[in-house]
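This report refers to the structure that appears directly beneath it.
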Amino acid sequence: MSITKICCIGAGYVGGPTMAVIAQKCPHIQVTVVDLNEERIAAWNDENVDNIPIYEPGLSDIVAEARGRNLFFSTNVEKAIDEAQIIFISVNTPTKTYGKGKGMAADLKYIELCARQIARIAKDNKIVVEKSTLPVRTAEAIKSILDNTGNGVQFQILSNPEFLAEGTAVTDLLNPDRILIGGDTSVEGQKAIQSLVDVYANWVPADKILTTNVWSSELSKLTANAFLAQRISSVNAMSELCEKTGADVNEVARAIGMDSRIGPKFLKASVGFGGSCFQKDILNLVYIAKSYGLNEVADYWEQVIIMNDHQKRRFSNKMVQTLYNTVADKKIAFLGWAFKKDTNDTRESAAIYIADDLINEQAQIAVYDPKVSSKKVLADLDYLETRTSEKNSANVTSFSSPYEACASAHAIAVLTEWDEFIAYDWQKIYDGMQKPAFVFDGRNILNRVALESIGFIYQGIGS
Ligand code: UDX
Ligand code: UDX
């Protein structure tokens, strides 16, 4: 089937950029991104493309080029479903906060709602594509809902996990390492796979498009994220050993990364990984393993999360210890709140947990992040439900200038690796701070020697 109309449910960090790139690369296909959230759709349609709701380098240019031509953002979910031949589901699948699997399993209520809505509206055959990361065998559930509540039309379910990383979404989408498409082994299933392959073939070389069965595709996504997160927890485990023994984890990472079997990427020791995917997907994997009675498999992967939680806690403990065992009423400046650089996304950011620990110690936190609003900072803390939001606002203030955030602070914690932090006038920052002035570099991005020569007491991760 030659595809001319695509719809995507969910205009988030995955759905928005992915559809923008498909629209740019396939001007003959009409791409409509729908979302229940009216405010979010209005922002995607903002005349000034700099106001789109998601910050990703290069994204606003692509939206400017394709929007109104063959890229549309809308809240009219029904119309978009009705018209499309391919429907991507890219809604969020947070970890369950209630009931069976609480704290571990993925909450599939939004996915199910989407499936029921598609079933109700579709009057002709559709290809439904899972873009959201989902537990293995979700496609089966979607299929059952579609077939049993639909209008007798045929549905093909494909799994097409997204591997883009935030902050580099546009380049990842333009030059993917691979595109993975899982589908049914039947003739109809293979035809559906081919339709989606043809869409990607507009810009992705054929040898990078892999096709598998649905289960392999779903599990590959969880496995990829588990392996990536595992590398970070592995290097973070070594960082603690380095701190005790006098080795430098940056040197160790460099030395092992030159082994071509290991490779240099994802070996950066840090205050801990964050983001919407790693923790959620590993918890999901652990839950699936447990539900099959595979307890050793579950425990093995759960250790990646345990190490990550330990790394965050260790960082805040070390700050308190170094600051003479008390941070009560001390101003602590946070450089960075996003979970990584070049994004305004803060989901599961280490900064949230470090702030939470330090507020428990009655510190005053001053936050500067180039892309995160003060409203978001407070909402992230309120979401933890550790204390009232009045108490959070009494202890946390955001600043629009890093120099103001650091003025009269006792210590600075670098929690996101934003490039601009490296270029600051560190002498000026030092002059404005309480003495002794401490820098806790949770990302190992600053120049230790230069900071120490100014007078800072510097502590990185793993050295
Ligand atoms: C999400 C998941 O986090 C990720 O695991 C998955 O791989 C892709 O989807 P993301 O795009 O980052 O990633 O989520 P988010 O930014 O929260 O966007 C989801 C959007 O779906 C939201 O804008 C939400 O309003 C919308 N939505 C949710 C609907 O339109 N309908 C629903 O029923 C539920
Ligand atoms: C991840 C996967 O990389 C991507 O393929 C998948 O589709 C979604 O999940 P993302 O969460 O956007 O992407 O960012 P990623 O670059 O993987 O970083 C995740 C976290 O790990 C960040 O907090 C980052 O700072 C941290 N990290 C990354 C490290 O601490 N050290 C590293 O060496 C690399």
Query raised in the report: If you check every pair at least six apart or on different chains, which have Cβ atoms under 6 Å apart with a residue in region 156-172 that is under 18 Å from ASN92 (Cα atoms) first and a residue that is open to solvent by less than 10 Å² (accessible area, probe 1.4 Å) and within 8 Å of ligand 2 (Cβ to nearest atom) second?
Result: GLU166/THR343; GLU166/ASP345
Report task. May I ask you to list the residues in region 131-162 that are surrounded by fewer than 17 Cβ atoms within 10 Å (Cβ to Cβ) and either within 16 Å of ligand 2 (Cβ to nearest atom) or acidic (Asp, Glu) (or both)? Result -> GLU140, ASP147
Query raised in the report: Of the residues that make up region 5-15, is at least one of a type in the set (A, V, I, L, M, F, W, C), more than 16 Å from ligand 2 (Cβ to nearest atom), crowded, with 16+ Cβ neighbours inside 10 Å and over 27 Å from SER195 (Cα atoms)?
Result: no
Query raised in the report: Under 9 Å by Cβ, and 6 or more places apart or on different chains, what pairs join a residue from region 246-268 that is farther than 22 Å from ASN308 by Cα and open to solvent by 100 Å² or more (accessible area, probe 1.4 Å) with one that is part of a loop (DSSP other than H, G, I, E, B) and modelled with pLDDT of 95 or more?
Result: MET258/PRO264
Report task. Examine region 182-196 for a residue that is within 16 Å of ligand 1 (Cβ to nearest atom), under 30 Å from ILE288 (Cα atoms) and part of a strand (DSSP E or B), and state whether such a residue exists. Result -> yes
Report task. Report, by residue number, each residue of region 338-359 that is within 22 Å of TYR403 (Cα to Cα), more than 12 Å from ligand 2 (Cβ to nearest atom) and either part of a helix (DSSP H, G or I) or open to solvent by less than 10 Å² (accessible area, probe 1.4 Å) (or both). Result -> ILE354, ALA355, LEU358, ILE359
Report summary line: Across (1) over 30 Å from VAL271 (Cβ atoms); (2) touching a residue at least 24 places away in the same chain (Cβ under 8 Å); (3) among the acidic types (Asp, Glu), GLU240 clears everything bar (1)
Requested in this report: Answer yes or no: is there a residue in region 23-33 that is within 23 Å of the chain's Cα centre (by Cα), under 24 Å from ASP124 (Cα atoms) and in contact (Cβ under 8 Å) with a residue 60 or more places away in the chain.
Outcome: no
Report task. Go through (1) surrounded by 14 or more Cβ atoms within 10 Å (Cβ to Cβ); (2) touching a residue at least 40 places away in the same chain (Cβ under 8 Å); (3) closer than 25 Å to SER239 by Cα one by one and return the number of the condition ALA405 breaks. Result -> (3)
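The values are calculated or read from the model by the stated rules, or taken from the named source; none is laboratory data. Quick caveat: nothing in here was measured; it's all calculated off a predicted structure. Counting neighbours? That spans all protein chains shown, and the Cβs are built from the backbone with ideal geometry, glycine included. Surface accessibility is based on the protein's heavy atoms, side chains included, excluding ligands, DNA and RNA. Shrake-Rupley method; radii C 1.70, N 1.55, O 1.52, S 1.80 Å.
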